[in-house]
Amino acid sequence: MLTKRSQVLEESITLAIASLANELKAKGEDIISFSAGEPDFDTPKAIKNAAIAAIEKGCGKYTAVPGIKEVLKAVQTKLKKDNALDYETSEVVVNVGAKHSLFQCIECLVEKDDEVIIPTPYWVSYPEMVKFAEGKPVFIEGLEKNGFKITAEQLQKAITPKTKVLMLNSPSNPIGSIYRKKELLEIAEILKNTNIVVLSDEIYEKLSYDNTEITAFASLNEDTLKRTVTINGLSKCGAMPGWRFGYMASKNKELISAVKRLQGQSTSNICSVIQYAAIPALTGECDQDIETMRQAFEKRRNVALEILEKIPNISFYKPEGAFYLFINIQKIEKDSMKFCKKLLEEEKVAVVPGVGFGMDGYFRISYATSEDLIKKGLERIAKFIKNYN
Ligand SMILES: Cc1ncc(COP(=O)(O)O)c(C=O)c1O
């Protein structure tokens, strides 16, 4: 009965683990969850106030499909202010989260047998979106000691006449590594004489540590500006994951027009209230809230690293951004699903198996939780690893 297309989709492993952990918690079990892909901070006050004001004003009508002009202008301002990117408001579309932006771009760009290059480990949804579009994910794995970032040389080898899209994610989920400007320029040089579109997922952009510089791929030069779709949103850096606000900006008029048509025939505009609420987050009114959150994450990362460094037989890349740690347990267990299930059953700690990110023998923790819980949970993990058999 179902289409083949719908049957290729796997369930999101991160969402599944998070909901299992919540279920067990609701039953009264002492679960510590490191599975969340969202900040534990509340949404900033200015955003809530903007939403309330919009409701009071009566904003319940349909809006233009790509977004109200005020929010498109706010995205334009944000991209100029933070990323030195010049986009017209007609080159921006707001979507139901960055996941929706990515999904729609892939639907409009990729068809049967088109190849999409995905650096591994990857965010869980990239290959699923490509498979749904009947494309072929092509995985490249960088070196662990370099945060699994791919090199220009690796990219060159992976490109074929069928390559349509390159997925880039910096700061990355699940590793937290950040591509430096020099590395991006080298990648850009390889792409120069191709028609490859770069989907640059910059959703963790404001969460960078140790003063690591963030560079938007599109901002490198004229060529990258033309070939890149800049994708971002407010789930992580605006502490508003449940509100569902994402956006895309591109100089590719055909793509923008196709996405507008796809959105117009599926979701229509995103929730009108959220469009008004997003404006203060985009124009800088919440920068202090975001900075407070960033500092807390950096501190928690350091707390987590201090404990993890003492655990034998594991290794990990020191993250420079986002709020994850991707831990190598190959010396202990190659089957990450088995490891994570056992950890949840025996020590009541929820983490996400690496297999969901395309890499078995690893697990991901999210440190978007309190320092106390980080300490308590990591101590349980240390004990579990010590006695693992
Ligand atoms: C790398 C990456 N891109 C995109 C998303 C989706 O974000 P949104 O909540 O805006 O759909 C996530 C969420 O986990 C992510 O980790």
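The values are calculated or read from the model by the stated rules, or taken from the named source; none is laboratory data. In this text, all values refer to a predicted model and were calculated from it rather than measured experimentally. Note that we place each Cβ from the backbone using ideal geometry, even for glycine, and neighbour counts take in every protein chain shown. Each accessible area value is taken on the protein alone, full model and side chains, heavy atoms only, with ligands, DNA and RNA left out. Shrake-Rupley method; radii C 1.70, N 1.55, O 1.52, S 1.80 Å.
Per-structure values
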item	result
Residue check for Q275: of a type outside the set (A, V, I, L, M), open to solvent by less than 50 Å² (accessible area, probe 1.4 Å) and more than 14 Å from the ligand (Cβ to nearest atom)	yes
Test for E56: is it under 28 Å from Q288 (Cα atoms) and either open to solvent by 70 Å² or more (accessible area, probe 1.4 Å) or in contact (Cβ under 8 Å) with a residue 12 or more places away in the chain (or both)	yes
Unmet requirement for A281, which otherwise passes all of (1) open to solvent by 10 Å² or more (accessible area, probe 1.4 Å); (2) closer than 18 Å to P241 by Cβ	(1)
Any chance K48 is of a type in the set (K, R), closer than 30 Å to I374 by Cβ, more than 16 Å from the ligand (Cβ to nearest atom) and not in a loop (DSSP other than H, G, I, E, B)	yes
Output for region 121-137, where each listed residue is of a type in the set (V, I, T) and either touching a residue at least 40 places away in the same chain (Cβ under 8 Å) or open to solvent by 30 Å² or more (accessible area, probe 1.4 Å) (or both)	V124
Residue match in region 98-120 (condition: on the phi > 0 side of the Ramachandran plot, open to solvent by less than 10 Å² (accessible area, probe 1.4 Å) and among the small types (G, A, S))	no
Entirely in region 150-229, the helices (runs of 4 or more DSSP H) that have 1 or more residues that are within 26 Å of G246 (Cα to Cα)	181-191, 222-227
Count of residues meeting criterion [more than 9 Å from the ligand (Cβ to nearest atom), open to solvent by 30 Å² or more (accessible area, probe 1.4 Å) and either touching an Asp or Glu at 6+ places or on another chain (Cβ under 9 Å) or of a type in the set (A, V, I, L, M) (or both)] in region 226-241	0
Residues that are open to solvent by 30 Å² or more (accessible area, probe 1.4 Å) and not β-branched (V, I, T), drawn from region 348-381	K348, G358, D360, S370, E371, D372, L373, K375, K376, E379, R380
Only listed residue being without any contact (Cβ under 8 Å) to a residue 40 or more places away in the chain, small (G, A, S) and in a loop (DSSP other than H, G, I, E, B), chosen from S235, S266	S266
Identity of the residue in region 197-214, in contact (Cβ under 8 Å) with a residue 40 or more places away in the chain and more than 16 Å from the ligand (Cβ to nearest atom), that ends up surrounded by the most Cβ atoms within 10 Å (Cβ to Cβ)	V197
Selected residue (criterion: farthest from A36 (Cα to Cα)) from residues of region 99-156 that are within 16 Å of the ligand (Cβ to nearest atom) and among the basic types (K, R)	K149
Test: residue in region 311-329 that is assigned to a loop (DSSP other than H, G, I, E, B), touching a Cys at 6+ places or on another chain (Cβ under 8 Å) and not assigned by TED's automatic domain parsing to the domain that holds E141	no
Unmet requirement for I17, which otherwise passes all of (1) of a type in the set (V, I, T); (2) surrounded by 21 or more Cβ atoms within 10 Å (Cβ to Cβ); (3) modelled with pLDDT of 90 or more	(3)
